[in-house]
Every structure is written in structure tokens, then in C-alpha cells.
Amino acid sequence: MMTYGQETLCKLIKENTKGKYSVNMLKAVLRELFPVMANALIMGDRIEIRDFGNFRVYVTKARMGRHPFMGTPLRIPPRLKVKFFASRYLQAELDKRLKEGLK
């Protein structure tokens, strides 16, 4: 398994589009895209990307935990978190890969 950063994604997009876009142009698009997505999520909006999935913000409940060193009870406050839900297409492809044995 590999981790894909912005540089790698831009190079792959350039290859897939047969060099139609430069890596620098694609980096500029990503630099603009991610803050727009982040702001939408901060405002509580949902982001849906067809055939990929969607991102939603949800609230975790306040709960009691334990201090890792002392072992004393500790109140953990509620938080906003982002969750990704794969599209049906992406989930089907992931399930297919699982059946094939995770190559």
C-alpha cells in the first residue's frame, strides 16, 4: 500500500490526461480545492463527489474516559468530526478487491 500526496496525485493526473495539464497547474487547482472543501465542512455542509463518495460532519457525544498515565476519570467533550462515505461504485470495487485477496 502506498500513500499518495499532492505531488503524486498531480503526476498521475498528468499521465492520465496525456500531459494536457502541467503538474504546476494541477497543484494550483488542489491548493484552491482543499481550502474550499475545508470551509464547506466547517460550515456544516456535505461534500458529494460522484462515483467517489461524500464527506459529512458529525458530532461525537461527550463521554467519560481515563487519563492515560494516572488512570483517573476524565471528561471528554463533544467534538465535530468528518466522516467519509464511499460511493456505491467505489465500495463495489473495494469489495471486489477484498474477494480477490487484497493484492
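None of the figures in this text is laboratory data; all of them are computed from the coordinates on show. The model shown is predicted, which means the values in this text are computed figures rather than measured ones. Because the Cβ atoms are built from the backbone with ideal geometry, glycine has one as well, and the counts that use them run over all protein chains shown.
Residues whose amide H lies under 5 Å from that of G53, counting only those 5 or more places away or on a different chain, are S87; hydrogens are built 1.01 Å from N in the peptide plane. With 0.36 nm allotted per residue and the present C-alpha distance subtracted, the R31-M70 stretch has 9.8 nm of extension available. Remark: spin-label model distance T3-I49 equals 1.8 nm, labels positioned 7 Å along the Cα→Cβ axis.
Annotation for A86 and K14: the two label points, set 7 Å from Cα along the Cα-Cβ direction, are 3.0 nm apart. Taking each DSSP H run with n ≥ 4 as -39500 (n - 2.57) and averaging over every residue of the chain yields -14000 deg cm²/dmol at 222 nm. Across the chain, the longest run free of exposed loop sites, meaning chymotrypsin sites (Phe, Trp or Tyr not before Pro) lying outside DSSP classes H, G, I, E and B with no more than 16 other Cβ atoms within 10 Å, spans 70-103.
The residue among N24, M37, Y4 whose Cα reaches farthest toward the positive pole of the charge dipole of the stretch 1-45, with charges on the beta-carbon of Lys, Arg, Asp and Glu, is N24. Normalising the average separation of contacting C-alpha pairs (under 8 angstrom, six or more residues apart) by the number of residues puts the relative contact order of the chain at 18 percent.
Summing Lys and Arg as +1 and Asp and Glu as -1 over all other residues whose Cβ lies under 12 Å from the Cβ of R75 gives a net charge of +3. Given axes a ≥ b ≥ c from the Cα gyration tensor, I'd like to know whether the stretch 46-103 is rounded (a/c under 1.5), prolate (a/b larger than b/c) or oblate. Here the stretch 46-103 falls in the oblate category.
From least to most packed, judged by other beta carbons within 10 angstrom and beginning with the fewest, S22, S87 follow the order S22, S87. Counting only lysines at least 8 places from K20 when in the same chain, those with an alpha carbon closer than 21 Å to its own are K11.
Taking a ≥ b ≥ c as the square roots of the eigenvalues of the Cα gyration tensor, the chain is classed as prolate, since a/c reaches at least 1.5 and a/b is larger than b/c. By the rule of a C-alpha distance below 20 Å, with chain neighbours fewer than 8 residues away ignored, the lysines paired with K83 are K61.
The label-point distance for N24 and K99, in a model that sets each label 7 Å from Cα toward Cβ, rounds to 4.7 nm.
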